[in-house]
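Student: Just dropping this structure here.
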Amino acid sequence: MAVAAQMSYWGFHQQRRVDYMRYAYLQLGSDADAEEAVDLAFDRIMDHWLRMLQMESLEGYAWTILKRRIIDMHRKRRRRPELMETAAFEAALADHVDYPYDTLTDAITLYAAASAPSERQRDAILLHYGMGFTAAEAAEVMGNQESNRQQHASPLVATSMTGPSTQVRGALDP
């Protein structure tokens, strides 16, 4: 690989690694599993980097690679996807908060909203509302085109959110 291509790969790696780790952890629930999935994804990205540089949506292709490594990790560990309520409960317990009931309610509402739409929309919800990305940042990480950003990020939650937390509902309004 030429020096310029290597530099661009390592720049991409530096730019996306933390985001990919956070997303993989949300999906896998384990630091070790998340790190393995992300390492495997970046190995695969490196193997295809020269070809990826010619692609219209390098970010989208890299996101697809990450998603496949996460699926592979689920299979490797012979795990079934968790029920959304279970994942929400574990996420709520992960951080010490003053009002755990509100945190649990918010997490259940978020995970319930994320379970209804398409896979790309679920990713956008988790990135935007679960990880604090702006809609534009979530779309960029996923490799979505500008015209697709609103489609994935804003209207889906307004109709999905019916839980008791006004704090989450308010945050999710378009």
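Any read-out appearing in this document is the output of simple, stated calculations on the displayed coordinates, not a laboratory observation. Note that this is a predicted model, so its numbers are computed, not measured. Glycine also receives a Cβ, built like all others from the backbone with ideal geometry; neighbour counts cover every protein chain displayed.
Student: Which shape class, rounded, prolate or oblate, goes with segment 1-58 when its Cα gyration tensor gives a ≥ b ≥ c as root eigenvalues, a/c under 1.5 marks rounded, and past that a/b bigger than b/c marks prolate? Write out the running numbers ahead of the final one.
Tutor: Numbers: a/c = 2.41, a/b = 2.28, b/c = 1.06.
Judged from the Cα gyration tensor, segment 1-58 comes out prolate (a/c at least 1.5, a/b above b/c).
Student: Quick check on packing: order 61-70, 29-38 by the mean number of other C-beta atoms within 10 Å, highest mean leading. It would help to have the intermediate numbers written out before the result.
Tutor: On the way: 61-70: 20.0, 29-38: 17.7.
Top to bottom by mean Cβ count within 10 Å: 61-70, 29-38.
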